[in-house]
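Student: Once you've had a glance at the structure underneath, I'll fire off some questions.
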Amino acid sequence: MINYLPHLKPVRKIRYIIFLKDVLILALTTFGGPQVHLAMMFDRFVKKRGYLTEDELMELNALCQILPGPTSTQTVTALGFKIGGPNLAYLTLLIWCLPAVAIMTAFGMMVGYLQEEHQSLRFARFIQPMAVGFLIVAGYRIARKVIKTQSGLMLAILAALTAYVFRSPYVTPVVILAGGLTTALTYEKQTVMEKKPIRIEWANFFLWLGVLVGAAILGAVTQLLPVRLFENFYRNGSLVFGGGQVLTPMLYNEFVAFKHYLSREEFLSGLGMAQAIPGPVFAFASYVGALSMRSEGTYGQLIGSAVSTAGIFLPGTFLIFFVYRFWNQLKRYRAVRASLDGINAASTGLTAAAALALFEPMAPNWPMVATVLGTILVLELTKLPPFLLIMAGLVLGVLL
């Protein structure tokens, strides 16, 4: 795979191989969603390898928070771009996504088979409360890193309350922008930096827009299900701010409530698994795509997974490539740098709201509550690998 990076000096090629190996390790071990991803990126990319500083990582993550698309995927892809340009960035994207996509595709095909055979999905019922436990712990760990002032804490609380009361995906960008604007007003505290004219290269923006419009037209003309699936996911990937938790209601409304491609039980089983596997939560799209084309057999399910995966990940990739090219010039403005604190605090609050919303339906069910609490205690008090917890949850689902 590294042969796609030709004409490199041996030292640089070795550095790229080490970086891609680090990305693969994270793709196989980062359970728990974007907040856990960020914490583990800090440990491996900042502390262990020194690819960038902690401030640079937080800046990059905050930038990805204000763009539509999968935040963790954009962050790690942009880091690949920073280290080795577009070729390394695309390889980074592929390696980061592949394990989760493969797992979710296989799970989708298995669920489709079980449903055809009229088998119950109760074996996966403990996965969702375990995912809530992962989310709570991840949010707490990230909050300790990014919330350093009382104003940041207040912003996080207000963001959590707002997102919890107004449960609409459109609230997420509003909350993030409001947090950023609030701290942008304190720009006087930031160090003055020399400003340079901002040069914008529009190629990736027009690529993103061209695919969006082209897919919509092609889907309307051909009415082919794979094309329409690609368009559906590309459109959702272009509109969703705030990560996988915000994507969930959008996919539920489109593929369960409106198009009936999946049942509610199938959707929730996949959602729980997507939140519990390593890698990007947006790999949930692979599961939905596979089940959406179950009537076409194994080959059709693989096509459905492939087009859905491409559709959900490409918009964020095109947009981060577009913005990252002039990010170093943009962040010289004090208001831009000051806004990042508010964006990080608001994002932490959104995580808390998502955890609460997911936990709420489980509250009357004491086994689910016990599973959430047990997951939190194990994560905080032991060093047990998360995948063992997931396996234990599946075993309990089978036995009980």
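The values are calculated or read from the model by the stated rules, or taken from the named source; none is laboratory data. It should be emphasised that the depicted structure is a prediction, and the values quoted were computed from it without experimental measurement. Only protein heavy atoms, including side chains, enter the accessible area calculation; ligands, DNA and RNA are left aside. Shrake-Rupley method; radii C 1.70, N 1.55, O 1.52, S 1.80 Å.
Student: When only alpha-carbon atoms are used, what values of Rg and Dmax, in angstrom, describe the range 284-397?
Tutor: Radius of gyration, then largest Cα-Cα span, for the range 284-397: 20.6, 55 Å.
Student: Here's another thing I want to ask about it. With a cut-off of 8 Å between alpha carbons and a minimum separation of six or more residues, what is the relative contact order of the range 238-379 in percent?
Tutor: Relative contact order of the range 238-379: 15 percent.
Student: Report, as a whole number in µm² per second, the diffusion coefficient that Stokes-Einstein gives for the chain at 10 °C and 1.306 mPa s using the Kirkwood radius over alpha carbon pairs.
Tutor: 73 µm²/s
Student: With every protein chain present, what accessible area does TRP208 have (1.4 Å probe, heavy atoms only), rounded to the nearest 10 Å²?
Tutor: 40 Å²
Student: Something else about it: With the radius of gyration and the Kirkwood radius both derived from the Cα set of the range 122-279, what is their ratio Rg to Rh?
Tutor: Here the Rg-to-Rh quotient is 1.04.
Student: In Å, what Rg and Dmax follow from the Cα atoms of the range 262-334?
Tutor: Cα-based Rg and Dmax for the range 262-334 come out at 16.8, 55 Å.
Student: Note down the relative contact order for the chain as a percent, whole number, built from C-alpha pairs under 8 angstrom at least six residues apart.
Tutor: So the answer I get is 32 percent.
Student: Give the lysines reachable from LYS383 as a straight Cα distance under 30 Å; neighbours fewer than 8 places away on the same chain don't count.
Tutor: LYS21, LYS47, LYS48, LYS145, LYS148
Student: Which percent of Cα pairs goes in each bin when the distances of the range 215-307 are cut into 10 angstrom slices starting at zero?
Tutor: 17, 51, 30, 3
Student: Determine the distance separating the Cα centre of the range 23-72 from the Cα centre of the range 265-333; give it in Å without decimals.
Tutor: A separation of 17 Å, based on Cα centres.
Student: Given the rule -39500 (n - 2.57) for each run of at least 4 DSSP H residues, summed and divided by the residues of the chain, what is its mean residue ellipticity at 222 nm, to the nearest 500 deg cm²/dmol?
Tutor: One gets -24000 deg cm²/dmol as the mean residue ellipticity at 222 nm.
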